[in-house]
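**Q** Here it is: the structure, laid out below.
The values are calculated or read from the model by the stated rules, or taken from the named source; none is laboratory data. Bear in mind the structure is a predicted one, so any value in this text is a computation, not a measurement. A quick note on method: Cβ atoms are made from the backbone with ideal geometry, for glycine too, and the neighbour counts reach across all protein chains shown. Heads up: the accessible areas ignore ligands, DNA and RNA and are worked out on the full protein's heavy atoms, side chains in. Shrake-Rupley method; radii C 1.70, N 1.55, O 1.52, S 1.80 Å.
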Amino acid sequence: MTPERPTFHESWHRVAALRPRLRPSVRTIRQVFRGRVWHIAEDPTGARYTRLSESAYRFVALLDGRRSVADAWAIVTTQLGDDAPTQGEALQILAQLSSANLIASSDPGDAAAFLQRRRRRIALEARSTLMNALFARIPLWDPDAFLARWAPLVGLAFTRAGFIAWLALLAAGLYHLAGREQSLALEARSAIDSAHPAYLFAVFIALKLFHELGHGFACKCLGRREGGEAGAVHSIGLMLLVLVPAPYVDATSSWGLRRTRDRVIVGAAGMMVELACAAIAAVVWARTPQGTLLHDTAFHVMLIAGVSTVIFNINPLMRLDGYAILCDLLGTPNLASRSRDAVHSFIKRRIWHVRVPPPELSPFERFFFPLYWSAALAYRAVLCVGIALLIAQRQWILGVALIALLAALWLALPAATFFRYLFTSPELTRVRPRALISSALALTVAAFALAVIPAPQHVRLAGTVEPARYDRVFARAEGWIDRAAPAASFVDDILLEASNPDLEARRRVLAAERDAVLTARRVALAADPAEAQRLAGALAALQDQLDLAEESLANLTVRAPFPGTWLVRDEAIAKGAYLNRGSPLGIVADLSHLAVRASAGQETAARLIDAAARRARVAAPRAPSAAATLESITPAGGDPASRLTIISAWTAAHADPEPQAAPAAQAFDVRLLLDPGAPFAPGQSVIVRMALPDRPIGLQALDALRRAFQERFRL
């Protein structure tokens, strides 16, 4: 043995004389994970499983109720030498089997020990349920007989021919979606908002039921091919997935399947069923008229099954289908718990110098387990806190209760458990000062990093590209267009010319009347001064009307306010069209210089003003980013997107289908000037990223949490 695997253990005398044995209901299944032989000890009556290595299984196999633990260990040590379990590892094996209630002893105190283990297991399960309060399971029905009745028929889907048919179905769905990307994008924007929540929930529940039945049938069909209890499915019910009820099926008996491929199929069966439903829905959606119930239902099935559910289920950081598949592909059952135990073991052995046997890990597992444990912990925390804030936005009391529960379960309880272990655990008796000092040092370093070390920070704003200089053009007189400059052309003088025969005739009439009055006034000046004075007043009134008519005629020629690109509002600005006075005609814009107008709330605007941030990066899909300079931050005078209706219509090929509008709560316009050569078009939606002065991560997090509470709860 090596120093890391000491042969003897100080507590060996406690179990050396016991004569345990596996319970009669326990069966073992031989499996191969990543080239190594393992044995799964299974108790079908309690759905308890334990994985044993080859050497551990050789030791357990010698325990027949007549041979003592010491005798069995001596025999296996003689047979395997250094490959045999040490006394400490043998103790861990016995504790593992005992906690799973897979082992019995002839000792008279075994009944009391069994009751004690049962109470401990119930307490652990209750604690696990509490820790996973947002993912609780409620069993409702034993579907084993139902699955067995239909397994011969459904089992055809889990053959090579069934897999080929499934691929053909997916190909048919993709074929019907090809070339309809724009219709999908436009319909997706209003699909969720326009649908009734109860209707969407019914579609979701139906899909999840098919999903879970896919797991159940796969487990039953593949288990029947091997025989035994490998395919038993004895529980179906509701799982509160973050307080949202959804069906679930207990397919843990798939552990008993010998081939990795079969276990992967069971894990992926639910997603395969949902993808099949999405493919069928795609065909129906493409072949039904828009606006019908069947068309809308098919789209929602396609959206939920083909996107949302698959993305969540395939994520290995959540203990759903993707997690089970990853465990089977890596040959690493209980990936989450083994990753946690590997991190804890590393801390104990390498930092605290506790004399505990190292876990049996391959070089890949030593590298992968800490990464997986850290990523899963961070993802789970972010997910649950985000969901709690979302719920709190709508239900204040429920949201605050969830936040308090999460804080108690994931902060207070783990901290209390850690400190109790640190100060009272017998395992740390020899190295407790080192454990206390290293733990205090680690907490100090973490607090220093969070509260003192500066880190980059920035704000993101949704904005819309617009010309740096543009003027709206309106019709200032009524008439028919005779000539108009082409749309999207450069103009420096006349935009359009119009005529109005009625207005021209009125100008001629007014001119004739003015001339007649002028002649009469000249005659009256010599004969009747009083009449001449009256005619002078009439002449002035006629001259005013004539000037107004001539001004209106002059306004029929629309000129550009400055040289620029002429962007028309619609196709009605053409020869022969009639102009109404005051109607918008288009925009003259200087497209050689572009700007971005973004919307910001009071908090964000104050941060930008206080930080005196001047430079920013602007990015958009399918385009490289560009630099910009902050020009102004002013109170919003309206919706920025509404000012760009004409520009957006002209640049429809470049702009997003619907430019982003500013939320009602945002109250400031942030205007930035893009550097020359920016690869954007007017009307295009962009994201503005503005850097702020560096600040410690902890202070940034506190500010973000404060702002989130203020925005969501209006505190």
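**Q** Taking the condition in a helix (DSSP H, G or I), under 26 Å from the mean Cα position of the chain (by Cα) and farther than 18 Å from Ala188 by Cβ, does Ala298 pass?
**A** Against the criterion (in a helix (DSSP H, G or I), under 26 Å from the mean Cα position of the chain (by Cα) and farther than 18 Å from Ala188 by Cβ), Ala298 does not qualify.
**Q** Okay, moving on. If the requirement is being modelled with pLDDT of 85 or more, open to solvent by 40 Å² or more (accessible area, probe 1.4 Å) and aliphatic (A, V, I, L, M), which of these qualifies: Ala619, Ala572?
**A** Ala619
**Q** Among all residue pairs at least 6 apart or on different chains, which show Cβ distances below 6 Å where the first residue, located in the stretch 474-497, is surrounded by fewer than 13 Cβ atoms within 10 Å (Cβ to Cβ) and the second is of a type in the set (Phe, Trp, Tyr)?
**A** As it stands, the answer is Ser489/Trp566, since those pairs meet every condition given.
**Q** Let me ask another. Tell me which of these Asp590 doesn't satisfy, since it passes every other one: (1) in a strand (DSSP E or B); (2) buried (at least 18 other Cβ atoms within 10 Å of the Cβ).
**A** With respect to (1) in a strand (DSSP E or B); (2) buried (at least 18 other Cβ atoms within 10 Å of the Cβ), Asp590 is out only on (2).
**Q** Working only within the stretch 315-347, note down all residues that are charged (D, E, K, R), free of Cβ contacts under 8 Å to residues at least 40 places away in the same chain and farther than 19 Å from Tyr379 by Cβ.
**A** Asp341
**Q** If you don't mind, another one. Quick one: Ala527 ticks every box in (1) modelled with pLDDT of 85 or more; (2) over 15 Å from Leu567 (Cα atoms); (3) of a type outside the set (Phe, Trp, Tyr) except a single one, so which number is it?
**A** Of everything listed in (1) modelled with pLDDT of 85 or more; (2) over 15 Å from Leu567 (Cα atoms); (3) of a type outside the set (Phe, Trp, Tyr), Ala527 misses just condition (1).
**Q** Additional query: What's the number of the condition Phe312 fails, among (1) open to solvent by less than 50 Å² (accessible area, probe 1.4 Å); (2) without any contact (Cβ under 8 Å) to a residue 60 or more places away in the chain?
**A** Only one criterion in (1) open to solvent by less than 50 Å² (accessible area, probe 1.4 Å); (2) without any contact (Cβ under 8 Å) to a residue 60 or more places away in the chain is unmet by Phe312, namely (1).
**Q** A further question on this structure: Evaluate the following for Val459: is it surrounded by 13 or more Cβ atoms within 10 Å (Cβ to Cβ), within 31 Å of the chain's Cα centre (by Cα) and modelled with pLDDT of 85 or more?
**A** Judged against the criteria, Val459 is a match.
**Q** Would you point out the residue of the stretch 8-33, among those that are surrounded by 13 or more Cβ atoms within 10 Å (Cβ to Cβ) and over 17 Å from Val60 (Cβ atoms), that is modelled with the highest pLDDT?
**A** Here the answer is His9.
**Q** Tell me which residues, restricted to the stretch 216-234, are modelled with pLDDT of 85 or more and not hydrophobic (A, V, I, L, M, F, W, C).
**A** Scanning the stretch 216-234 gives Gly216, Lys220.
**Q** List, please: which pairs have Cβ atoms under 6 Å, are six or more places apart or on different chains, and start with a residue in the stretch 6-34 that is assigned to a loop (DSSP other than H, G, I, E, B) and end with one that is open to solvent by less than 60 Å² (accessible area, probe 1.4 Å) and at pLDDT below 75?
**A** Taking only residues 6 or more apart or on different chains, the pairs are Leu18/Ser105; Ser25/Asp43; Val26/Asp43.
Listed here are the residues, each with its yes/no results for (1) modelled with pLDDT under 85; (2) not β-branched (Val, Ile, Thr); (3) not in a helix (DSSP H, G or I).
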{"residue": "Pro486", "(1), (2), (3)": "yes, yes, yes"}
{"residue": "Phe490", "(1), (2), (3)": "yes, yes, yes"}
{"residue": "Leu496", "(1), (2), (3)": "yes, yes, yes"}
{"residue": "Leu503", "(1), (2), (3)": "no, yes, no"}
{"residue": "Arg506", "(1), (2), (3)": "no, yes, no"}
{"residue": "Val509", "(1), (2), (3)": "no, no, no"}
{"residue": "Glu513", "(1), (2), (3)": "no, yes, no"}
{"residue": "Ala516", "(1), (2), (3)": "no, yes, no"}
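**Q** Checking Ala136 against (1) open to solvent by less than 50 Å² (accessible area, probe 1.4 Å); (2) modelled with pLDDT of 70 or more; (3) of a type in the set (A, V, I, L, M, F, W, C): exactly one of these is not met. Which one?
**A** Result: Ala136 fails condition (2) only.
**Q** Which condition number does Asp656 fail, the rest of (1) modelled with pLDDT of 50 or more; (2) surrounded by 14 or more Cβ atoms within 10 Å (Cβ to Cβ); (3) not in a helix (DSSP H, G or I) being met?
**A** Among (1) modelled with pLDDT of 50 or more; (2) surrounded by 14 or more Cβ atoms within 10 Å (Cβ to Cβ); (3) not in a helix (DSSP H, G or I), the lone unmet condition for Asp656 is (1).
**Q** Go through the stretch 424-456 residue by residue and tally those that are touching a helix residue (DSSP H, G or I) at 6+ places or on another chain (Cβ under 8 Å) and among the hydroxyl-bearing types (Ser, Thr, Tyr).
**A** 2
**Q** Out of the residues in the stretch 268-279 that are open to solvent by less than 10 Å² (accessible area, probe 1.4 Å) and closer than 17 Å to Cys327 by Cα, state the one that is nearest to the chain's Cα centre (by Cα).
**A** Gly270
**Q** For a quick check of your reading of the model, give me the residue pairs whose first member lies in the stretch 540-559 and is of a type in the set (Gly, Ala, Ser), whose second is open to solvent by less than 60 Å² (accessible area, probe 1.4 Å), with beta-carbon atoms closer than 7 Å and at least 6 apart or on different chains.
**A** Qualifying pairs under 7 Å: Ala549/Leu503; Ala549/Leu510; Ser552/Ala477; Ser552/Leu503.
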